[in-house]
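Please find one structure pasted underneath; my questions will follow.
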Amino acid sequence: MALVPKHIKELSPYKAGKPISEVQRELGLEKIVKLASNENPLGPPKSSVKAAQDSLLECHRYPDAAAFELRKKLAARFELKMENVVLGGGSEGVMSTIMRTFLKPGDEIVTAENSFIGFRVLANASGIHTNWIPMKDYRYDLSSMADAINDYTKIIYLANPDNPTGTYFTVDEFDTFMSRVPERVLVLLDEAYFEYAQDVGNFPDSMHYRYDNVITLRTFSKAYGLAGFRVGYGFGHEDLIGNLLKVKLPFEPGIPAQSAAIAALDDGQYLENTLTINDNGMRKITAIFDMLELRYIPSVTNFVTLVFKDGIQAKEFTQTMLENGVILRHLIGFGLPECVRVTIGTVDENEFFIEKLHNTMEKIV
Ligand SMILES: Cc1ncc(COP(=O)(O)O)c(C=O)c1O
């Protein structure tokens, strides 16, 4: 159709992890475990469910467009002003607002070749020229990314820790990188998995830096267990945030989502359980990988990525696991055809995964 711009025609639709109901329908299996989308396996915090339920009777009204309570709470938590906080429908919603606010024709983006697919979709849809810098050993090559900055560069996108590799860049690496980024360039620092990585000794917590040209993105979708509600947030200099507030869709997130997020912030026990179960699960699963001599990328998140000999073996592994009732993510769409990502589950889900892993490895190797 002549109506559709070329860069939109050439996009492929975003392919999310398969839903359990679809696999159940297709394969007729009794038990299915989904470890494909880096979700929190514990279910949402009970306090959030109650808060969202209590808010339903208010849903004939529009949400508070200023999202006063939630922004205030987030600002207080991180010793900021409310004017430093912007919300969105997931952190992807905030990302989308950032792209619409700051980019204009002629600008360019710099990011890593195999990083978060959600950003890739937004970059491709924007029609803005993007410099995709190859990763090195499944890590950001920050030095080559800094080399790629030119007079047209407007946004640099970094996910730390990264999805789908689970790797991170250190304080020193980030400091060296930032010393090479001009102030006119906006760094989008996506910390969707921050809570899982925060205790790693040399992990840079971007909130401590307060650079005027950095926006930090975080989310309620992972460690807070609210992916289906769609709440994400960004922190930055009030001038940047003030402009984002002019462009953002005014009523995102919705009322139940705002209520659920406010409750989750007060539920320290839920977050603690999440991190403990994830740590234990990660240790258990990677110990089995070691025992089976499977190659994987060490991760500081709630997922771990297996590296196979080639794309054919990775595809066969994913398919065999699926036929056994375990939904995993083959990373072909992320440009890593040899890789399969495994989200850490509950104790039961991890046991099921390990049992099926043994069966599968006997078949495919
Ligand atoms: C690195 C990264 N950023 C952002 C997101 C999106 O999160 P949200 O649900 O907040 O849009 C994800 C989700 O998988 C992610 O892995």
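The values are calculated or read from the model by the stated rules, or taken from the named source; none is laboratory data. Because the structure is predicted, anything quoted here is derived from the model rather than measured. FYI the Cβ positions are ideal-geometry reconstructions off the backbone, even for glycines, and counts take in every protein chain you see.
Exactly one of (1) surrounded by fewer than 22 Cβ atoms within 10 Å (Cβ to Cβ); (2) closer than 24 Å to ILE297 by Cβ; (3) modelled with pLDDT of 95 or more is unmet by ILE117. Its number?
(3)
Which number in (1) without any contact (Cβ under 8 Å) to a residue 40 or more places away in the chain; (2) closer than 17 Å to LEU74 by Cα; (3) within 16 Å of the ligand (Cβ to nearest atom); (4) not polar (S, T, N, Q) marks the one condition that TYR224 misses?
Against the list (1) without any contact (Cβ under 8 Å) to a residue 40 or more places away in the chain; (2) closer than 17 Å to LEU74 by Cα; (3) within 16 Å of the ligand (Cβ to nearest atom); (4) not polar (S, T, N, Q), TYR224 comes up short only on (1).
If you don't mind, another one. From the residues in segment 134-165 that are among the aliphatic types (A, V, I, L, M) and not in a loop (DSSP other than H, G, I, E, B), which one is farthest from the ligand (Cβ to nearest atom)?
To start, the set of residues in segment 134-165 that are among the aliphatic types (A, V, I, L, M) comprises 135, 142, 145-146, 148-149, 155-156, 158-159.
Those left that are additionally not in a loop (DSSP other than H, G, I, E, B): 142, 145-146, 155-156, 158-159.
On the way: LEU142: 16, MET145: 16, ALA146: 21, ILE155: 15, ILE156: 15, LEU158: 10, ALA159: 4 Å.
Filtering segment 134-165 for residues that are among the aliphatic types (A, V, I, L, M) and not in a loop (DSSP other than H, G, I, E, B), the one farthest from the ligand (Cβ to nearest atom) comes out as ALA146.
Are any residues in segment 6-24 surrounded by 10 or more Cβ atoms within 10 Å (Cβ to Cβ) and either part of a helix (DSSP H, G or I) or in contact (Cβ under 8 Å) with a residue 60 or more places away in the chain (or both), and if so, which ones? Please lay out each step first, then the result.
Narrowing segment 6-24 to residues surrounded by 10 or more Cβ atoms within 10 Å (Cβ to Cβ): 7-8, 11, 14-20, 22-24.
Answer for segment 6-24, where residues must be surrounded by 10 or more Cβ atoms within 10 Å (Cβ to Cβ) and either part of a helix (DSSP H, G or I) or in contact (Cβ under 8 Å) with a residue 60 or more places away in the chain (or both): HIS7, ILE8, LEU11, TYR14, LYS15, GLY17, LYS18, ILE20, GLU22, VAL23, GLN24.
For segment 34-78, how many residues meet the condition of being among the hydroxyl-bearing types (Ser, Thr, Tyr), within 16 Å of the ligand (Cβ to nearest atom) and farther than 10 Å from ALA263 by Cβ?
Here is the first cut: in segment 34-78, the ones among the hydroxyl-bearing types (Ser, Thr, Tyr) are 37, 47-48, 55, 62.
Filter once more, so that each one left must be within 16 Å of the ligand (Cβ to nearest atom): 37, 48.
Still in the running and farther than 10 Å from ALA263 by Cβ: 37.
Of the residues in segment 34-78, 1 are among the hydroxyl-bearing types (Ser, Thr, Tyr), within 16 Å of the ligand (Cβ to nearest atom) and farther than 10 Å from ALA263 by Cβ.
Okay, moving on. Considering only segment 200-253, state which residues are assigned to a loop (DSSP other than H, G, I, E, B), within 26 Å of TYR62 (Cα to Cα) and hydroxyl-bearing (Ser, Thr, Tyr).
The answer is SER221, TYR224.
I would also like to ask the following. Spot the failing condition for ILE332; the list is (1) within 17 Å of ARG295 (Cβ to Cβ); (2) among the hydrophobic types (A, V, I, L, M, F, W, C); (3) at pLDDT below 95, and only one is missed.
Unmet for ILE332, out of (1) within 17 Å of ARG295 (Cβ to Cβ); (2) among the hydrophobic types (A, V, I, L, M, F, W, C); (3) at pLDDT below 95: (1).
Kindly indicate the residue of segment 61-102 that is of a type in the set (Gly, Ala, Ser) and in contact (Cβ under 8 Å) with a residue 24 or more places away in the chain and also surrounded by the fewest Cβ atoms within 10 Å (Cβ to Cβ) among those meeting that condition. Walk me through how you get there before you give the answer.
The first filter runs over segment 61-102 and keeps only residues of a type in the set (Gly, Ala, Ser), leaving 65-67, 75-76, 88-91, 93, 96.
From what's left, in contact (Cβ under 8 Å) with a residue 24 or more places away in the chain: 65, 67, 88-91, 93, 96.
Values: ALA65: 12, ALA67: 25, GLY88: 24, GLY89: 20, GLY90: 26, SER91: 27, GLY93: 22, SER96: 22.
Across segment 61-102, the extreme among qualifying residues is ALA65.
If you take the residues in segment 325-359 that are of a type in the set (D, E, K, R) and part of a helix (DSSP H, G or I), which one is nearest to the chain's Cα centre (by Cα)?
Looking only at segment 325-359, we keep the residues that are of a type in the set (D, E, K, R), and these are 329, 338, 341, 348-349, 351, 355-356.
Keeping just the survivors that are part of a helix (DSSP H, G or I) gives 348-349, 351, 355-356.
Details: ASP348: 24, GLU349: 21, GLU351: 25, GLU355: 28, LYS356: 27 Å.
By that ranking, first place goes to GLU349.
Could you check, for segment 267-278, whether at least one of its residues is free of Cβ contacts under 8 Å to residues at least 60 places away in the same chain, more than 16 Å from the ligand (Cβ to nearest atom), of a type outside the set (Val, Ile, Thr) and under 30 Å from TYR62 (Cβ atoms)? Steps first, please.
At the first step, the residues of segment 267-278 found to be free of Cβ contacts under 8 Å to residues at least 60 places away in the same chain are 268-269, 272, 276.
Adding the requirement that they be more than 16 Å from the ligand (Cβ to nearest atom) leaves 268-269, 272, 276.
Going one step further and asking which of them are of a type outside the set (Val, Ile, Thr), we end up with 268-269, 272.
Filter once more, so that each one left must be under 30 Å from TYR62 (Cβ atoms): none.
No, that holds for no residue.
Taking the condition within 20 Å of GLY345 (Cβ to Cβ), at pLDDT 95 or above, in a loop (DSSP other than H, G, I, E, B) and not aromatic (Phe, Trp, Tyr), does LEU29 pass?
Values: within 20 Å of GLY345 (Cβ to Cβ): yes; at pLDDT 95 or above: no; in a loop (DSSP other than H, G, I, E, B): yes; not aromatic (Phe, Trp, Tyr): yes.
So LEU29 does not fit the description; no.
Sticking with this structure for a sec: Condition first: aromatic (Phe, Trp, Tyr) and within 13 Å of the ligand (Cβ to nearest atom). Now tell me which residues in segment 168-202 satisfy that. Show your work before the answer.
So in segment 168-202, the residues aromatic (Phe, Trp, Tyr) come out as 168-169, 174, 177, 193-194, 196.
Of everything in segment 168-202, those that are aromatic (Phe, Trp, Tyr) and within 13 Å of the ligand (Cβ to nearest atom) turn out to be TYR168, TYR193, PHE194, TYR196.
Now for a separate question. Run THR318 past the list (1) polar (S, T, N, Q); (2) within 27 Å of GLY228 (Cβ to Cβ); (3) touching a residue at least 40 places away in the same chain (Cβ under 8 Å) and report the number of the one that doesn't hold.
(3)
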